[in-house]
Structure formats: structure tokens, C-alpha cells
Amino acid sequence: MHRLLLLLVLSLPLAPIAATTDPAEIPESVAAWFNDKALATVRSHASEAFPDASAEEVAAMKVGAPQKTAVFADTSGVNAIQTSDRWIAPIMSGSDAVGAVSVDFASGIAADEIVRGDERLGTAIARGEADVTFVWDPRLRAWFAMRESTIEPAGSAGASIVLGAIPLTDFLAQRARILSSSTPVPESPSVSAVAPAETGRNLPVTIMLVLVVLGLIIGSLVWLRSEQGTDEDEEAEQSELSTVLRKGLVGIGESKMRFRDSAKKINVYKSPKKKDESRALSDD
């Protein structure tokens, strides 16, 4: 029943939305921002939007002519898409579109700048087709292109939600299911595909580093243990050598003492013979 009511409401003519903006219709504040500050904004977001670009490539980038966009509102039906004060322009590298920069002037001043390093989005904007209106979805964080009563993805983030051009009624129904479900909104391929790839590439390196650290720790423990054992062996050998030396010195001392004692005995034994011989001579 809800789908039938949605079809009936959408059968009404949509409010006209300008596609490619005539330069004469661009407000002075918008033109001044894109002429003076858009390029600086792109360069300040270059590390995120263009991670593979060199400093020279970023410095050579230019910003094209801005276009007025539409926005998906929280309502449904004929008022689901409304005009907005957000303007978007392609980012050019030579003759090639490499991304897009957009800014919101709803408050009268530039705010909520968005820089996307998305070649698909930049190319679609740079074509400047008169029958195409670019629509920003703040809930899905994606850009879409509207042609009469059909919606198609304008950038890579939108391509992760819809594959091609579909009727606006079908898109609104699918969008409502995505926003009402617990399933998280798909991320842009430039964001969601990078993190797992980096993680998978870094996993073997991390494992190798852990193994190397463990090997160093184990090697250090074994070396310290061997050094400790060597020191203990040297101390034991020195102690044993000292004991042997002490025993040798004591043995030498005892032998000297014994030699001296025996000499004394010989002297004592021989002395009486001399006395007896002297007595015999005297008697004669």
C-alpha cells in the first residue's frame, strides 16, 4: 500500500531543477569562493582525497566551473529531491577530471566543504550535460545524477548503492530500506577497499617482526645463560687450581721439615763417635 501511494505521488511532475548553471546565474560570493579558495581547499584535503598523487601533481590541479546541485530531503514523494545551496565543480589535472569539490552556501557563507578524489564523479560533472542534475545525499554520503525520472550513481560511493540508472520510485524505496535497516550504509570503494588491503598486506610483515623480536629475546636469554655457565666453570677451575697449589706448597714444606729433622738425627748420631775416638787416643 505504501509503495502504491509513493508511485501515485511521484507521478506528479517534479519541481524543475536547473542542471548546468549559466555562469551569469552564479552568485558573486559563490564565484569568488571557487576562484580564490577552492584550489586551496583541494590542496588541504589532497592527502585524503588524492593519497597517490605527488606534490607536483597536486600543485598542477585546477578547479572547473561550479554547478548548482539538488539534495535528498528527509521527506518522500514529490519533495524528496529539493534544490539546495550546495555548489560543485570538477577538479582537473590537465585535461582529465580527477575529482570534485563542493561547498554549501545555505548560511550565506561557505561551509561544509567536501573534496572527493573520484574520477567518475569529476568526469560526470565536467561533461556539463544540460539534462543532468547532480543530487547530494547527506544520509548516504553519496552523489547521484538525475535524468528526468531516473536516478543513477554519479560517483563511486553511489555505485556501491545502485549499479545503474533506475526509476526514481525504485531508488527512493531502496533508499528508505537502507536507512531504516540496521545494515550500515556502504562506504565509498576508495575508503572501504583500502583499509582491508593495507591490513592484509601488513599482516605478514607484522608476523615477521614478531618472530624476529621473539628470536632476539630467546637468543639473548641463551647467550646470557651460556655466559653465566662459562663464568661458573672458570670460577670452579680457579678454585680447584688454588686448592692444588695450596696442597703442593704444604707438601713441599713438610718435605723440607722432614729433611731438616733427619739431618739433625744424623748429626746427633755422629757426634758421640768423635768423642769416643778422642778418648781412645788419649788412653793410648
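Bear in mind these aren't lab numbers, they're just calculated from the coordinates by the rules spelled out. Only a predicted model underlies this, so the values are computations on that prediction, with no experimental measurement involved. Virtual Cβ from ideal backbone geometry, glycine too; neighbours counted across all protein chains shown.
Computed values, structure above
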{"item": "Sequence ranges 139-148, 105-114, 157-166, ranked by mean other-Cβ count within 10 angstrom, highest first", "result": "139-148, 157-166, 105-114"}
{"item": "Value of D in µm² per second that Stokes-Einstein yields for region 28-180, Kirkwood Rh from Cα pairs, at 25 °C (0.890 mPa s)", "result": "155 µm²/s"}
{"item": "Computed FRET value (nearest 0.05) for A40 with V210, which takes r as the C-beta separation and R₀ as 35 Å", "result": "0.20"}
{"item": "Label-point separation in nm, A130 to S95, each point 7 Å along Cα→Cβ", "result": "2.4 nm"}
{"item": "Full-stretch length increase - E56, S107 - with 0.36 nm per residue and alpha-carbon distance subtracted", "result": "14.9 nm"}
{"item": "Projected label distance in nm at L221 and A73, using a 7 Å step from Cα toward the beta-carbon", "result": "7.0 nm"}
